[in-house]
Amino acid sequence: MHFPTLFSPAQLQVLDELKTRDLQERQARSTDPMRLRALRQGVAEFLGMMVLQTRARLVAEFGTSAGYSAIHLAAAAQRMGGRVFTVDRMPEKTAWARRNLEAAGLAEVVEFFTCDGVEFAAILPSPLDLVLVDYGIPAFLPALGTVKAKLRPGGLIFVDGWSAEEEGRWETDPGYRAFRENLDADRSLVWWRMSLEGKVHLLVVKL
Ligand SMILES: C[S@@+](CC[C@H](N)C(=O)[O-])C[C@H]1O[C@@H](n2cnc3c(N)ncnc32)[C@H](O)[C@@H]1O
């Protein structure tokens, strides 16, 4: 069935359930390894828009969790006849995300992987149009070279960001510094930081 809005009623219901749960976990300061830690709504919506606006057909996500962001990416990619490849190192999360994407009617658009992001980067197809990185920069750093090589000219890497209190890490953390030095040394890239939803995000575009 065709929906003129980006999300179908079933998709909106799954998104609403996940958002409510995520909010509860944040308010309770949950330390459960299964907690969602979903993208902020405006960030997920921005990425869905980017998929549509750039006509992205090959989308990769590092950090599936329960699939909140994957639903945004997949709903948009589906309209482009595209696909989303997503990875999480926790099999319980992959299984949970698969159930959510099935409930949202989007499972056929998504390929799920359970492994470390470095392994995932190596098996990703190319050329990648849009990449979402939704776990720590130091943990993603070993996959950066492979992802850059698979990114198409004009392709985007969006790294979900950090709060104002964490901003100092950008200057002090060796993992962040190594990441930045890698980007600075690469003349095929332009990168910048963007504030959205109270966080600072990193955007990298291949020229
Ligand atoms: C912030 S959550 C992702 C949230 C998700 N994108 C969303 O918006 O719903 C980060 C996820 O990345 C996974 N993760 C962390 N480090 C990883 C790694 N090195 N390789 C693969 N997955 C990893 C965690 O298990 C966790 O589920």
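Throughout, read-outs are computed from the coordinates displayed, never taken from laboratory work. These figures come from a predicted structure and were not determined experimentally. Every residue, glycine as well, gets a Cβ built from its backbone with ideal geometry; the counts of neighbours run over all protein chains shown.
Structure values in brief
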| quantity | calculated |
| --- | --- |
| Sequence-distant residues sharing a close amide H with Gly155 (under 5 Å, placed H) | Lys206 |
| Residue among Tyr68, Val51, Gly161 farthest towards the positive dipole end of the range 9-206, charges placed on Cβ | Val51 |
| Reach of Lys150 by Cα under 16 Å, taken over aspartates and glutamates that are not fewer than 8 positions away in the same chain | Glu61, Glu119, Asp129, Asp186 |
| Distance between the range 69-123 and the range 135-207 - C-alpha centres, whole angstrom | 22 Å |
| Value at 222 nm in deg cm²/dmol, rounded to 500, when DSSP H runs of n ≥ 4 in the chain each add -39,500 (n - 2.57) | -14000 deg cm²/dmol |
| HN-Hα J in Hz across the range 190-207 - Karplus 6.51, -1.76, 1.60, θ = phi - 60°, x for Gly and Pro | 10, 9, 7, 9, 10, 8, 7, 6, x, 10, 9, 10, 10, 10, 10, 10, 7, 6 |
| Extension gain, Glu167 back to Ala122 (0.36 nm per residue minus Cα-Cα distance, nm) | 13.2 nm |
| Long-range HN-HN contacts of Leu196 with modeled amide H, under 5 Å | His201 |
| Phi to ³J(HN,Hα) by Karplus 6.51 cos²θ - 1.76 cosθ + 1.60 over the range 72-77, Hz, x for Gly, Pro | 5, 5, 6, 4, 6, 4 |
| Glu181 paired with Glu17, simple spin-label distance in nm, labels 7 Å along Cα-to-beta-carbon | 4.7 nm |
| Phi to ³J(HN,Hα) by Karplus 6.51 cos²θ - 1.76 cosθ + 1.60 over the range 164-174, Hz, x for Gly, Pro | 4, 5, 8, 4, x, 4, 4, 8, 9, 6, x |
| Residues whose placed amide H lies under 5 Å from that of Leu39, excluding near-sequence neighbours | Ser69 |
| Residues Thr31, Thr94, sorted so that the one with the fewest Cβ neighbours within 10 Å comes first | Thr31, Thr94 |
| Unit charges on C-beta of K, R, D, E only; dipole of the range 62-199, Debye | 400 debye |
